[in-house]
Structure formats: C-alpha cells, structure tokens
Amino acid sequence: MPSYRAPVEDVLFLLTDVLCIERFNNLPGFSEVTEDLAAAIVSEAGRFCADVLNPLNQIGDREGCVRHQNGDVTSPMGFKDAYRAFVEAGWLGLSADQMYGGQGLPYLFTVIVNEFASAANIAFAMYSGLTQGAFAAILTHGSDEQKKTYLPKMVSGAWSGTMNLTEPHCGTDLGLLKTKAIPNDDGSYAIHGQKIFISAGEHDLTENIIHLVLARIQGAPAGVKGISLFIVPKLLVGPDQTLGSRNAVSCGSIEHKMGIHGNATCVMNYDGAKAFLIGEANKGLNAMFVMMNEARLGVAVQGLGQSEIAYQNAAAYAKDRKQGRSFSAPKDQTEPEPIIVHPDIRRILLTIRGFNEAARALLLSVALDADVAHRSEDAAARQAASDRLGLLTPVLKGVLTDIGFDNTVLAQQVFGGHGYIGEWGMEQFVRDARIAMIYEGANGIQALDLVGRKLAKDNGRATTAFFAEVSGFIKENAAEPDLKPFLTLLERAAEHLRDATLWFMNNALAKPEQAAAGAYDYMHLFGLVALGYMWVRIAKAALARKARNDAVQAMDFKLLTGRFFMERMIPDSATRLARIRAGAETMMAPSADMF
C-alpha cells in the first residue's frame, strides 16, 4: 500500500524563512500565530492526514460511493468516521470567521491543511473543500439571515456545501444553462432542471447538504446576464436551524468516473425544489465566482498534492528496488544496485521534486495575498494583494494541475510494470490527478482567462507589478555570488515572458486568434517564471540558514534541487516563447474538414 508523510519541515521552512509570516502580525488572525503554534498546527495536520486519511485512500478507490433506490448515497467504509474526526478537530473551520464558529486563523493554514488532505486522500478532501467554497460565497453575498441560518452549521461540519453549475448541454458556456427558477408567493423560488458532475452532491457524511445552484429566473434575459444564484438545501431549514422535510432535489445517479471514486459525483435533479436567492437577481455569476475562484486555488492544491504523494512513493521505491548497476560500478560487479543510482531515475525524481517545492512556495505566497486582500486595513496593500491573487489564480490552476498530472505519470514510470498494477497505488494517483486539469474550467480556459482578461486588466497594473517584483528581487540580490547562477537563469526566463507579453500586445489586438493560439504556452511560460522566482527566494533563504550552520544538509539538498530546476526546467521558457511567436496560422488556416 502506498504511504504518505506530510512535508511538515518544508512547510515550516517556507513560513518562517521564505515567506517570513511574522511580517504580517499586524493583520487579524496572524498575531496569535506564534512560531510554536504554527509548528503545532502544521505537524498535527500532517499527522492526521497521514494516519487517518491516507489509509482510506485505496479503500475509497475500490469501494466508491453507492447510490440506493431512494436516491441516498453511502460513502466508502471509514469515510464517515474520518469526517467526524476531521470536523471535531476543527480543520474545516480553521480559517472561518469567528462570528460563525470558526477559528479565524489565516487562510494560509487552510491551504496547508488542504494540500496534506489532497495528497493523502483527494476524494475525501473534496467534501470539506467544497463546503469551504460555499461558505465563502454565502459569507460574501448572502443576506444576514442567510448567514445566520447556514454558516454556523457549515463551519461546524454538521452541514456541507456544493456548487451546481454544469448541465448536460452546458459546461464552460454558462449562458446556455436551462435550469429555471419560478417565483413562489412567499418570496422563495421553485427550481426546475438537471445538473451534472456535481461533486459531493449526495452523501451520508453530514445531516444536510446546502446546494448553491445557478438558474435563470423565469423571464430573465438570455445569456450570462440573466443568471442568478440560489441556496437549495437538501432538507428545508427552519428559523432556528431545525431541519424539516426533504426538498425536491435528488441524486439521479452517480457518474462512472476514471478516478476520485471515493467522492460522489452526482447527477442532481431539481423538481420544483424550494430555493432562496443569494444577492441580486440576474447577477449570480458575481456570487458564484467567489466560490469558483476559491475552487480554482483548491484544485491547484490538488495538483500539488497528487504530485507530492506520487513523488514520495517513487523515491522510496527507487531506493529499495534493485535492477542493473551504476555506470561507474566496477566491471566485475554482479550484484544489482537500487535503481536510484541510474541518471534517468534521478532525472524523474528531481523533476518532480523541483516542481513540488517551488509550487508549494508559490501557492502559499498567493494564500498570503488572499489573507492580505481580506484582512489588511491598508487600501493600497489590499489592492496590490488582490491584483496578484487575481493574476496568479489561473496560472496556479492551469500549471499546477497540468504538471501535477504529468508528475504522477513520471512517478509511475519509476515503478516499471509495478506502476501499472493497482496494489502499488501509482495508477490511482494518475487517475485521480487527471480530473484536476478539467474541472473548475479546463486549463485551456484558464489560459484564455489569463491572456484575455488578467494581463490587460486595469491597464496591466497586476502584470506590471509582477514584473517589477521579479526584476526588483533580481536587482536587490545581484551582488550575492552564490545566488548569481539562479538569478541569471531567472532573468533570462523573465525576459522571455516580457517578450511574449509584448508580442501579444503587438499582434493579438488586430488578430484575437493570435492570443488564443498562444495562450496555453503563455500560461506555462508565466508559470515557469513564477516557479523559478520562488526557487530563487528559496535558495536565498537556504543560503542564510547555511550561514547560521542550521540544517546544513537539508539546505544543501534544497540548493541542489533548485539548481536542477533552474538549469534543466526553466530553460523551457525559450521553447514556449518560440511557440507563441509561431502565431495561429498553422492552427486556424486548415478547413475543419481536415480533422
């Protein structure tokens, strides 16, 4: 059975040495987080996910969820007890508003816990992750009465939440949705329609499920301008939070999926279900985007989590499995050696590890942006953090899930034929990681969002600030001789990103298809630069630790991993730039009949 050990030491190094979170002690929730408390939270979260969630991962994959004739769904063996332990330990409400029963700690720590949980058992982690997103949407756009009614129970874990967007004929293009909302005399609505691919749409982990559903009010305009968002509880809720009768919403079936079998992905039927409008009529996307943006970051975390657990098991196998001999072994040596001696195995492991450490640093830096954007009293700081968060969200979702999936396949390769056999667990990681590239907006859509919206937003304010952040760091540290190899390679990649950005400005306005054709490569080029930038920051912190004679071997390992990334991975920036400059001609010139 595959194993998992949460990267606690790496996370604590990032918090204290790279991100220096003590700088944010002026923000609500941060002042309580001493170094000892941070270590306790991260360590205990790691222990829980490794000891409680990970042993259920293969069980959930084998058993899946079961739909009964009455529409109820049973989760895999052990999930219900694990969920109870998860919420009783307070992990679900770690960063939630204290007004509704949360602990009010930085969102940063929720991202850390979610990475550990997604690595240990991604299907299980989705139940709580969706609830966190639904909580955020109601908190931001719900009425005071709706917040009072739903949020305390969601924070406590007694109730869970979902997001209902997709319909059989309608995925990304939400303007095509057909689900209707008909006004009732009491101010509520009756929802009629069907939603598909609804993660955690029905299950037995909580006593109630709060569905957030996009629908069109009868007579509303066509397209996205006529979409509204509704709360549709599985069980109707009384004024004092008492549960009433079953609402007219049911699970029609469970999707037969490639992976994440432990999570019930449902077809949901709404047959006049009683619903309550969130926010303004016909402005449902504004409210839903709160949940969608949080979900996109959550999916990026899933990409990293699956990459991490795949790496850990591949590295352990490579040190144990004996096949062949080192190229430098004596000619008369006949005993095989562990495959870790082979350069190609090390290439695979360093490729995955080089990504994991930088991706984790980038994710946590963006989580800090979210905290500053929501907690700071400084308007300029909030604006800058919000800009960075918005710019990097599609990059994180697209790049981390693409590469996270690639890394599960690379890790599977280390096992040879055993990687294809279920008992080793590697093929499950491949199957589970694959969906992250698709849901919450397929990665091609993330790239279009980056190029079509985020680059030029507010006259390019966020993009300009990111370039200034990277170039400023390079200039500030140019005199550091041990950092020079890192800085030189980062500067070259950053120049490729600037050239690509200028190319879009000069070519894409006249021919929008030029931007669309190059968007995917631009997203990955942006990701390479962002990851490389984090590696330079990690390297600087590691050198400082070494200078204090602190954890020297661990810091040496980080520096070697960083050098591998900078020397062998970030040079792909030149390839991405060349593809962007190739334009759209070879893609768009042929007739559709060619395909």
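None of the figures in this text is laboratory data; all of them are computed from the coordinates on show. Quick caveat: nothing in here was measured; it's all calculated off a predicted structure. In this analysis, Cβ positions are derived from the backbone assuming ideal geometry, glycine residues included, and neighbour counts consider all displayed protein chains.
Numerical summary
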quantity	calculated
Ranked 526, 48, 86, criterion: other C-beta atoms within 10 Å, fewest first	48, 86, 526
Exposure proxy ranking, count of Cβ atoms within 10 Å, fewest first, for 192, 169	169, 192
Over the chain: helical MRE at 222 nm, DSSP H runs n ≥ 4 each giving -39500 (n - 2.57), nearest 500	-17500 deg cm²/dmol
Within the range 124-226, trypsin sites (Lys or Arg not before Pro) in DSSP loop having at most 14 other beta-carbon neighbours inside 10 Å	178
Aspartates and glutamates whose Cα lies under 18 Å from that of residue 322, excluding same-chain neighbours fewer than 8 positions away	332, 335, 337, 344
Cα gyration tensor, the range 156-198 - rounded (a/c under 1.5), prolate or oblate	oblate
Average Cα contact separation per residue, the chain, under 8 Å, 6 or more apart, as relative contact order %	13
Label-point gap, in nm, between residue 557 and residue 319 - each point 7 angstrom along Cα→Cβ	0.7
Folded to 0 to 90 degrees: helix 484-507 orientation relative to the chain principal axis, Cα	50
Given 148/178; 178/457; 178/511; 180/454; 178/225, the pairs whose alpha carbons are separated by over 22 Å	148/178; 178/457; 178/511; 180/454
Residue-span extension gain [residue 12 to residue 574] - 0.36 nm each, minus C-alpha spacing	199.0 nm
Cα-based helix-to-principal-axis angle, 552-564 vs the chain, degrees rounded to 10	80
Cut-off 17 Å, label 7 Å out along Cα→Cβ of residue 467, residues of the range 569-595 by amide N	577, 581
Contour excess over end-to-end distance, with Cα ends at residue 222 and residue 458 and 0.36 nm allotted per residue	82.1 nm
Nearby lysines by direct alpha-carbon distance to residue 319 (threshold 25 angstrom, same-chain neighbours under 8 apart not counted)	331, 558
Solution diffusion estimate, µm²/s, Stokes-Einstein, the chain, Kirkwood Rh from C-alpha pairs, 20 °C, viscosity 1.002 mPa s	85
Quarter of the Cα convex hull surface for the range 458-588, i.e. its orientation-mean projected area (nm²)	8.7
Proximal aspartates and glutamates to residue 195, defined as alpha-carbon separation beneath 16 angstrom and excluding residues fewer than eight positions away on the same chain	167, 173, 255, 271, 440
476, 567 arranged by Cβ crowding within 10 Å, fewest neighbours leading	476, 567
Only Lys, Arg (+1) and Asp, Glu (-1) charged, at Cβ; the range 458-588 dipole about Cα centre in debye	280
The range 45-102 shape via C-alpha gyration tensor axes, a/c threshold 1.5	oblate
Linear extension gain, residue 176 paired with residue 333, 0.36 nm per residue minus alpha-carbon span	49.7 nm
